[in-house]
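For reference, the structure discussed in these notes is given below.
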Amino acid sequence: MKKNFKYKKQSIKIGDFVEIIAGNEKTKQGKVKAVLKKDQKIIVEGINTRFRHIKPQRQGETGKIKQFEAPIHISNVKKITN
């Protein structure tokens, strides 16, 4: 009898080294910081960085620019074996 699982089995885990094989960051390498099983995405250190501009919340405050790593789909990375 076949069981239906909620999430697809993934071979990439936190701490693994991966190489980007598609997109703007192609051929770059990094360490996996987080795995989002539900969306089948991962977050890699120093890869796919984005900027978020935050408005000041109170009078007298200054705005901020926050830099963070955006998630990448698992199909766009390849696990590196050492």
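The values are calculated or read from the model by the stated rules, or taken from the named source; none is laboratory data. Predicted model, so just to flag it, every value in this text is computed and none were measured. For neighbour counting, all protein chains shown are included, and Cβ atoms are generated from backbone atoms with ideal geometry for every residue, glycine included. SASA here: full protein model, heavy atoms, side chains in, ligands and nucleic acids out. Shrake-Rupley method; radii C 1.70, N 1.55, O 1.52, S 1.80 Å.
Points worth noting:
- Scanning segment 8-29 for residues that are of a type outside the set (Lys, Arg), without any contact (Cβ under 8 Å) to a residue 60 or more places away in the chain and on the phi < 0 side of the Ramachandran plot yields a total of 7.
- Residue count for segment 41-63, restricted to those that are open to solvent by 90 Å² or more (accessible area, probe 1.4 Å) and in contact with a Pro (Cβ under 9 Å, 6 or more places away or on another chain): 1
- Counted residues, segment 26-82 - those being in a loop (DSSP other than H, G, I, E, B) and in contact with a Leu (Cβ under 9 Å, 6 or more places away or on another chain): 1
- If only residues of segment 15-40 that are of a type in the set (Gly, Ala, Ser) and under 12 Å from the mean Cα position of the chain (by Cα) are counted, the one that is least open to solvent (accessible area, probe 1.4 Å) is Gly30.
- For segment 67-82, the set of residues classified as among the aliphatic types (A, V, I, L, M) and over 12 Å from the mean Cα position of the chain (by Cα) consists of Ile80 only.
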